[in-house]
Amino acid sequence: MASLRGILFIFPLLLATAHSQMFFPHPVFGGSNGKDGKLHLPGITIRNPFAGSDDDDDRDIFKVNDPGGKPPLETDYKGLWELVSKDSGANAMHVNLLPNNKVVMYDATAFHMSTIRLPNGECFPFKTDQGAEREDCWCHAVVYDIDTAQIRPLKVAWDPWCSSGGLAADGTLVSTGGWLRGARTVRYMRTCDDCDWKEYPTALADSRWYATQATLADGSFILVGGRRSYSYEYVPPEGNSNPQAIKFPFLDETSDLDENNLYPFVHLSTDGNVFIFANNRSVLLDPKTNKIIREFPVLDGGSRNYPASAMSALLPIKLYVQNADVIQAEVIVCGGAKPFAYGLAQKGTFIPALQDCNRLQITKPNPMWKKETMPTPRVMGDMLILPTGDLLILNGAKRGTAGWYLADEPNLTPVLYSPDKPRNQRFKELNPSKIPRMYHSASTVLPDGRILVGGSNPNAGYNFTAKYPTEMRIEKFSPPSLDPGLDVQRPEIMVESSEATLAYGEKFSVQFKLATLFVDKSDIKVTMYAPPFTTHGYSMNQRLLVLGKVDVEQALLPGVHNVEVMAPPTRAVAPPGYYLLFMVYRGVPSEGMWVQIK
């Protein structure tokens, strides 16, 4: 308390001293010669009203360091890999972070093996391909505690091998499709401490193996494609079944000899329409009329979907207090393989993966793909949006395609992609992992900004002696924005003093701590992140929103600040549900706070 009184006593004197120095020449202006016309004090810059015309910001007297929006704090930090678990129990083929800070990980049941048994001696009966009756006593799904690395076994009966999923508005994980008996299944995993899967094996009209699930503006799900399922359907309410699917010839047209159009990239645009990319073509579907309303230019260079398995994301959506009638949305697609790569890989020839990144502004009248080049080729990689708005590219291989035994030369080096930098400065290679993460690996962004990385099983069953063995270890990767040297500049959201329930188009406030005394709203951004369902190199339903800021106020206590933010304007921009909200100061993110928009 004494130290606080001291700060409050000294602070007015500091301001008075600064005020008096504004009107008299003093060496502290501009360092030794005063040429920049500013008073420099530790952590503070005060504009000199007598400065010349080269000071182009006269709107505010008090700024943090320099007037106007300042660039991100620079760091040479290239990330840190940490091994946090030696055995995930079930291979992390599919992962999704839940709003209770647990990650659900699951594998196929078809292998009838894992490294952890079902609790209480429980087993499931099954028949072999030869008709012999057997029992499966192994666990194929777990809940992983991101803080303690403890796992809780789950029971899944209807095989979710190569399935899809996403979070419902209430935080429930909804999993769809899978293999054979699981192909028409919808599963529900809620967030209670002892919840387990609830499964409905006849909910879907068509088989959905390698299909994509995407959240729509009303919070419901569209389910697109799957092996030999040239259709889409909407996930029915729990307990109901779809009588039939909707034929979608586009998927038939984009399937070639090796398919190359499974796990299509599906993104909800900011106007409520659905962008669907398969192989090398893309369309915009109106989910209200079930009509294709637009076809985009062909993306040349190769194939992009399973087994060619490129990466794709919707770039951060930038919002303002007053938004334009059309809120821009841009898609990025990186990597992949040549159309014939899968066939060659089956013969033991692994050709180089694609090395390009391609961006398309899907809300523009006549968009064209804009091409860039990654530092290295990559197939089966993951692409995650970080709280800062940068993208992290990791995992995968440099040669071959997705599938068992069909790739070589693992790509161990993550790449940071900064979409707003000049074209020749967007890619930055980071510190490599020592663990190959190829087919059947996955990753997810955690509330503390680190990346949880697991899985990799490019072999039939669980094989721990293969060239690229079944991988049960779990890592966490800290990207450059988590440089320990930047910790002094890291904001801290005061959760108890911030609003966590949001309403569309309405203001809300977030209180945060920051060592800097004065904060300009141009130096911070507030982002909202929808945690994705990640499998087979694609993070479904991933979305980052950069929110419009109304004002930043300095609270009574030094170092405590309050920012007034505008919630997303519509459900098409941000479907209802749970998001991680981050405060980012000059490129340095806080830990995320869970918010829900209804």
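The values are calculated or read from the model by the stated rules, or taken from the named source; none is laboratory data. What you see is a predicted model, and the numbers here were worked out from it, not measured in a lab. Please note: Cβ atoms are built from the backbone with ideal geometry, for glycine as well, and neighbour counts cover all protein chains shown. Note: areas computed on protein heavy atoms with side chains; ligands, DNA, RNA excluded. Shrake-Rupley method; radii C 1.70, N 1.55, O 1.52, S 1.80 Å.
Scanning the range 368-382 for residues that are open to solvent by 30 Å² or more (accessible area, probe 1.4 Å) and assigned to a loop (DSSP other than H, G, I, E, B) turns up Met368, Trp369, Pro375. Just a yes or no: is a residue in the range 235-253 of a type in the set (Asp, Glu), closer than 19 Å to Ala402 by Cα and outside any loop (DSSP other than H, G, I, E, B)? For the range 235-253, residues of a type in the set (Asp, Glu), closer than 19 Å to Ala402 by Cα and outside any loop (DSSP other than H, G, I, E, B): absent. For first residues located in the range 83-111 and closer than 19 Å to Leu384 by Cβ, partners that are open to solvent by 40 Å² or more (accessible area, probe 1.4 Å) and in a loop (DSSP other than H, G, I, E, B) and lie 6+ apart or on another chain with Cβ distances below 6 Å form the pairs Leu98/Thr191. Hey, could you check the range 112-149 for residues that are within 19 Å of Trp404 (Cβ to Cβ) and in contact (Cβ under 8 Å) with a residue 60 or more places away in the chain and say which is surrounded by the fewest Cβ atoms within 10 Å (Cβ to Cβ)? Looking at residues that are within 19 Å of Trp404 (Cβ to Cβ) and in contact (Cβ under 8 Å) with a residue 60 or more places away in the chain, I get Met113.
In this entry, Pro558 is excluded by the filter for residues that are surrounded by 23 or more Cβ atoms within 10 Å (Cβ to Cβ), part of a loop (DSSP other than H, G, I, E, B) and on the phi < 0 side of the Ramachandran plot. Considering (1) within 19 Å of Thr535 (Cβ to Cβ); (2) out of contact with any Lys or Arg (no Cβ under 6 Å at 6 or more places or on another chain); (3) open to solvent by less than 50 Å² (accessible area, probe 1.4 Å), the lone condition that Phe248 does not fulfil carries the number (1).
Do we have Ile385 as under 17 Å from Asp420 (Cβ atoms) and in contact with a Cys (Cβ under 7 Å, 6 or more places away or on another chain) here? In short, no. When we screen Asp487, Asp520 for residues that are open to solvent by less than 40 Å² (accessible area, probe 1.4 Å), of a type outside the set (Ser, Thr, Tyr) and over 23 Å from Ile393 (Cα atoms), the only hit is Asp520. Out of Tyr538, Tyr529, Tyr504, one residue alone is closer than 26 Å to Ala169 by Cα, open to solvent by 10 Å² or more (accessible area, probe 1.4 Å) and aromatic (Phe, Trp, Tyr). It is Tyr504.
Of the listed requirements (1) under 30 Å from Lys421 (Cβ atoms); (2) touching a residue at least 12 places away in the same chain (Cβ under 8 Å), Glu74 misses just one: (2).
Can Tyr468 be described as at pLDDT 95 or above and buried (at least 19 other Cβ atoms within 10 Å of the Cβ)? Against the criterion (at pLDDT 95 or above and buried (at least 19 other Cβ atoms within 10 Å of the Cβ)), Tyr468 qualifies.
Is it fair to say Pro365 is free of Cβ contacts under 8 Å to residues at least 12 places away in the same chain and either out of contact with any Phe, Trp or Tyr (no Cβ under 8 Å at 6 or more places or on another chain) or in a loop (DSSP other than H, G, I, E, B) (or both)? In short, yes. Which is free of Cβ contacts under 8 Å to residues at least 60 places away in the same chain and of a type in the set (S, T, N, Q), of Thr270, Thr185, Thr191, Thr212? Matching residue, one of Thr270, Thr185, Thr191, Thr212: Thr185.
Of the strands (runs of 3 or more DSSP E) lying entirely inside the range 507-550, those containing at least 2 residues that are under 11 Å from Ile385 (Cβ atoms) span 524-530, 543-546.
Trp158 falls short on exactly one of the conditions (1) in contact (Cβ under 8 Å) with a residue 60 or more places away in the chain; (2) among the hydrophobic types (A, V, I, L, M, F, W, C); (3) part of a loop (DSSP other than H, G, I, E, B), and that condition is (1). Among residues of the range 292-319 being aliphatic (A, V, I, L, M) and outside any strand (DSSP E or B), the one that is surrounded by the fewest Cβ atoms within 10 Å (Cβ to Cβ) is Val298. Taking strands (runs of 3 or more DSSP E) as the structural unit, those lying wholly within the range 383-425 and holding at least 1 residues that are in contact with a Gly (Cβ under 7 Å, 6 or more places away or on another chain) and under 24 Å from Leu580 (Cα atoms) correspond to 391-394. Residue under question is Phe427, and the condition is that it be open to solvent by 10 Å² or more (accessible area, probe 1.4 Å) and within 18 Å of the chain's Cα centre (by Cα); does it hold? So Phe427 passes the test.
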